[in-house]
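Colleague: One structure, pasted below without further comment.
Coordinate-derived values only; no laboratory data. Predicted model only: the values in this text are computed from it and were never measured. Counting neighbours? That spans all protein chains shown, and the Cβs are built from the backbone with ideal geometry, glycine included.
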Protein chains: 2
Amino acid sequence: LKIQILGCYAATPRSFSNPTSQVLEIGNELFLIDCAEGTQVQIRKNKVKFSKINHIFISHLHGDHFFGLVGLISTFSLLNRQNELHVYGPKGIKEVVLLQLRLADAYTSYPLFFHELTSSEPQVLLQLSTVEVRSFPLKHRIYTNGFLFQEMPKPRKLDFECASKLGVETCYFQKLKSGFDLVLDNGKIIKNEEVTLPGLPSWSYAYCSDTVYDSSIANYFQNVTVLYHESTFLESEAHLATRTLHTTASQAAHIAQLAKAKNLILGHYSTRYASIQAFKTEAEAVFPNVYLADDARLFELDDQERLKY
Amino acid sequence: LKIQILGCYAATPRSFSNPTSQVLEIGNELFLIDCAEGTQVQIRKNKVKFSKINHIFISHLHGDHFFGLVGLISTFSLLNRQNELHVYGPKGIKEVVLLQLRLADAYTSYPLFFHELTSSEPQVLLQLSTVEVRSFPLKHRIYTNGFLFQEMPKPRKLDFECASKLGVETCYFQKLKSGFDLVLDNGKIIKNEEVTLPGLPSWSYAYCSDTVYDSSIANYFQNVTVLYHESTFLESEAHLATRTLHTTASQAAHIAQLAKAKNLILGHYSTRYASIQAFKTEAEAVFPNVYLADDARLFELDDQERLKY
C-alpha cells in the first residue's frame, strides 16, 4: 500500500504548494483521488504512470479538489490513451467535463465513463478481484463523499510439506488457499487450518476530505489500516472549522481513535499556517501514529503496518 | 509596453513548461490574454499583481488556452476581490464557468461580466481612455479570435517658450496638446504645429494564436509595433501545420512582413522540439526582428521601438 501525495493544501494553488490530489496504490491498482488544478503536472513531477490510472474518485466539486480533472482527461487523449477511464464523483461532474470537451470539439480517444454519485448512504462503487471501493457520506458545504479502499482477503499460505504428508493432490491446493476444507477420496476430512497458515493481511485506506468533525463517520472505516483525514485548522481556529465545515488536527485524531485506525495521515492544511508541524503535535496528544502529508511525499506501509516515507 | 509571458507552449502543461497565457501592459492597463491550466500559479511566480487584472481575453476554448480560467476566477474570490472583472471569449465560456461556480456553490465576491464573441468580423471589444482592444477572426479548428491592443494617440508636446511668446494663455494649453488650432482674441490664428511637437508614439500589440497561415489577417494589424504570432511548427513539419490549422515559424515571419510589423514574437511551440532556437533562425530568414517567447520571459519595448528582455 502506497500513497503518493500530489497536493495536500486547501484553497488555491501556490508557487510552492498544491491543492488536493493523491495517488493510492492498493491491490495492484492505482487510484487517483481528487484532482485539483495542476494535478497532471504533479503526476509528471512525481513520475506516476498516466497509463496505470484507470479510476478517478472525486470527493466533491470544490475547485481545489477537481479543477484539474478536465485537463487530465484531455491530456490522456493527447497521449492517445486507449484504455477505459472511470470517473466517480458527485452528480454534475459529467455535464461539466463533457461541456468543455464539446466546446473544444475534442472528444476523448478512449472510452470515458462517469459514475455520478447522489446517495447519502455508503455505496459499493467498484469491485475488482483484489480491492473493493466504497463511498460514504461526509458533511461539508456541498455534497461530499469519503472513500474506503479495502483489499480483498488474500489467499492463505499452504504448508506444502504437511499437505503432501496427508496425501493432498496438487489440484486441491487452490481450494485450500481459498480457505475451504477438503474431503479426500478415502472420506477423510482435512480441516483447512491443518494444512494452511494465515495469508498476508488485507489492508485498507480511508479518505476523508473535506468534512466537519462528525464522530459517526468512524463507523464507516473501523480498524482501517491508514486513515487520511483533513485537518484544515488547528484547535486555535476551531471556530473557523465549525463555520466552514472543516476539521481540526485534534478532531481528526479523535476520528482515528474512534475508528481504531492503525495510522493517521493529516492533510488539507489551510494556507494561513507558515508551518505544518503543529498539526502533528496537536494530533499526537490524542492518537499515537500521526503522519503529515506534504506535496510529493510518498508513504509506504511496512510489514508491521507502519508508514514510512 | 511590456509583455510578461506566463506560458507559451502548445498542448499539455509539463513540469518545465506551460501552455498559453500572457500579461500585456499597455496604456497603463494590465490585460491577461489566454489562461491555460496553471496560469494563476504562473501569475504568482512572475509576481504579477492579481488585483490589477480587470480584463481577460480568451482566444478560443481549447484547453491549453482556457482551462485555468475558472480556477483564476475562483481564486479572485478567495482573495476577496471587489473590482469588476470582464472576460471576453467565444460563446459558451459563460456557461462553462458559471456551471462550475454553481456546482461548487461558490459565486464570486465581485461583479463578473462575460462578453461572448460570435462575430466573424473584426469588432471593438473595449475602449478605455488610453487603449482600445479589437478582436479579429483567425482560422483554427474551432472558433478563434486574435486581439489587437492599440494605444490611443498621446497628447502633443507643447513648446511653452514659443506659446508664451505668441501670447497663448494657459487655459488653451490642453486644447493645443490635443492637436487643435487656436484663434486668439485679436483674431490671430495659431496653427497647432507652430507651438507643439509630436507626442510620444502610440504603440500597438497584436496577438495571433492559434491559426493556420492566412496572409489576409495581416490587414487587421498593419504597422503594428509588436506582433505575437503562433509558430507551432518548423517548416520541416509544415504538413502538420496545414493539417492541424497551425503555423510554421517561417509563415509567422511572412505575416509580420506583410503587416509591416516592427517586432515579431514567436510562441506556441509544439512540445516535440527539444530546443526552440531553430524557430528564430527560420523566421529571421524572412523577417529581421524576431524574438522568442519563453515561459517567465518579460519583454519591454524601448524608445527605439525595439524589444528587450
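Colleague: Tally Lys/Arg at +1 and Asp/Glu at -1 over every other residue whose Cβ is under 13 Å from the Cβ of A:Trp203; what's the total?
Modeller: -4
Colleague: Something else now. Between A:Glu193 and A:Lys139, what is the FRET efficiency for a Förster distance of 35 Å, r being their Cβ-Cβ separation, to the nearest 0.05?
Modeller: The formula returns an efficiency of 0.20 here.
Colleague: Okay, moving on. Just add up the charged neighbours of A:His268: K/R +1, D/E -1, any other residue whose Cβ is under 11 Å from the Cβ of A:His268.
Modeller: Within the 11 Å Cβ shell, the charges total -4.
Colleague: Rg over Rh of the range A:114-253, using C-alpha atoms and the Kirkwood radius, what does it come to?
Modeller: Rounded to two decimals, Rg over Rh is 1.23.
Colleague: Along the positive direction of the dipole of the protein assembly as shown (beta-carbon charges: Lys, Arg +1; Asp, Glu -1; about the Cα centre), which of A:Phe149, A:Pro13, B:Leu117 reaches farthest?
Modeller: Positive-end residue among those listed: A:Pro13.
Colleague: Now a separate question. Give the cross-link partners of A:Lys177 among the aspartates and glutamates, using a straight C-alpha distance below 19 Å as the criterion and excluding same-chain residues fewer than 8 apart.
Modeller: Reachable aspartates and glutamates: A:Glu151, A:Asp159, A:Glu161, A:Glu169, A:Glu193, A:Glu194.
Colleague: Sticking with this structure for a sec: Indicate, rounded to the nearest 5 percent, the antiparallel portion of the DSSP beta bridges found entirely in the protein assembly as shown.
Modeller: Looking only at bridges with both residues in the protein assembly as shown, the antiparallel portion is about 55 percent.
Colleague: Here's a follow-up. What residue among B:Ile190, A:Gln277, A:Ser135 has its Cα farthest toward the positive end of the dipole of the protein assembly as shown, where the charges are +1 on Lys, Arg and -1 on Asp, Glu, each on the Cβ?
Modeller: A:Gln277
Colleague: Once the Cα atoms of helix B:249-258 and of chain B are each reduced to a long axis, what angle between those two axes, in degrees from 0 to 90 to the nearest 10, is obtained?
Modeller: Compared with the principal axis, the helix lies near 20 degrees.
Colleague: Okay, next question. Once the Cα atoms of helix A:69-78 and of chain A are each reduced to a long axis, what angle between those two axes, in degrees from 0 to 90 to the nearest 10, is obtained?
Modeller: The two axes meet at around 70 degrees.
Colleague: Here is a further query. Please report the orientation-averaged projected area of the range A:1-122, defined via the convex hull of its C-alpha atoms, in nm².
Modeller: That works out to 7.8 nm², a quarter of the Cα hull's surface.
Colleague: What are the distances, in nm and sorted shortest first, from the label point of A:Asn219 to the label points of the same position in each other copy, with each label point placed 7 Å from Cα along the Cα-to-Cβ direction?
Modeller: So the distances to the same position in the other copies read 7.3 nm.
Colleague: If one takes the longest principal axis of the Cα atoms in chain B, at what angle in degrees, from 0 to 90 and to the nearest 10, does the Cα axis of helix B:93-103 lie?
Modeller: Result, in degrees: 60.
Colleague: In addition: Once the Cβ-Cβ distance between B:Val183 and B:Phe160 is put in as r, and R0 is 22 Å, what FRET efficiency do you end up with, to the nearest 0.05?
Modeller: That gives a FRET efficiency of 0.65.
Colleague: Here's a follow-up. What lysines could a cross-link reach from B:Lys47, if we take a straight Cα to Cα line under 26 Å and drop same-chain neighbours fewer than 8 places away?
Modeller: Within the straight-line limit of under 26 Å, B:Lys47 reaches these lysines: A:Lys45, B:Lys2, B:Lys308.
Colleague: Next question, about the same structure. Nothing charged except the Cβ atoms of Lys and Arg (+1) and of Asp and Glu (-1): what's the magnitude of the dipole of the protein assembly as shown about its Cα centre? Round to the nearest 20 debye.
Modeller: Once rounded to the nearest 20, the dipole reads 220 debye.
Colleague: Continuing with this model, one more query. Given B:Lys91/B:Lys280; A:Lys157/A:Lys191; A:Lys260/A:Lys280, which pairs have Cα atoms separated by over 23 Å?
Modeller: B:Lys91/B:Lys280
Colleague: Something else: Once you treat every alpha carbon in the range A:39-186 as an equal point and sum by Debye, what is log10 I(q)/I(0) at q = 0.11, 0.14, 0.16 Å⁻¹?
Modeller: -0.59, -0.77, -0.91
Colleague: Let me ask you something else. Give the span of the protein assembly as shown's Cα atoms along each principal axis, as three whole-Å numbers ordered largest to smallest.
Modeller: 131, 58, 35
Colleague: For A:Pro111, go 7 angstrom from Cα along the Cα-to-Cβ vector, then report the distances to that same point in the other copies in nm, smallest first.
Modeller: Between copies, matching label points for A:Pro111 lie 5.1 nm apart.
Colleague: Can you list, shortest first and in nm, the gaps between the label point of A:Glu84 and those of its counterparts in the other copies, using a point 7 Å from Cα in the C-beta direction?
Modeller: Values, ascending and in nm: 5.1.
Colleague: Would you kindly compute the Cα radius of gyration of chain B and its largest Cα-Cα separation (Dmax), both in Å?
Modeller: Every Cα atom of chain B included, Rg and Dmax give 21.8, 73 Å.
Colleague: Using a simple charge model, +1 on the beta-carbon of Lys and Arg, -1 on the beta-carbon of Asp and Glu, nothing else, what dipole does the range A:1-48 show about its Cα centre, in debye to the nearest 20?
Modeller: 240 debye
Colleague: May I pose another question? Taking the Cα centre of the range A:235-301 as the origin, how large is its charge dipole in debye, to the nearest 20, when only Lys and Arg (+1) and Asp and Glu (-1) carry charge on their Cβ atoms?
Modeller: 160 debye
Colleague: Just checking the output field for B:29-42: average partner chain Cβ neighbours within 10 Å of each residue's Cβ?
Modeller: If you average over the peptide's residues, the count of other-chain Cβ atoms is 3.
Colleague: Across peptide B:8-20, how many C-beta atoms of other chains are within 10 Å of each residue C-beta, on average?
Modeller: Mean partner-chain Cβ count within 10 Å for B:8-20: 3.
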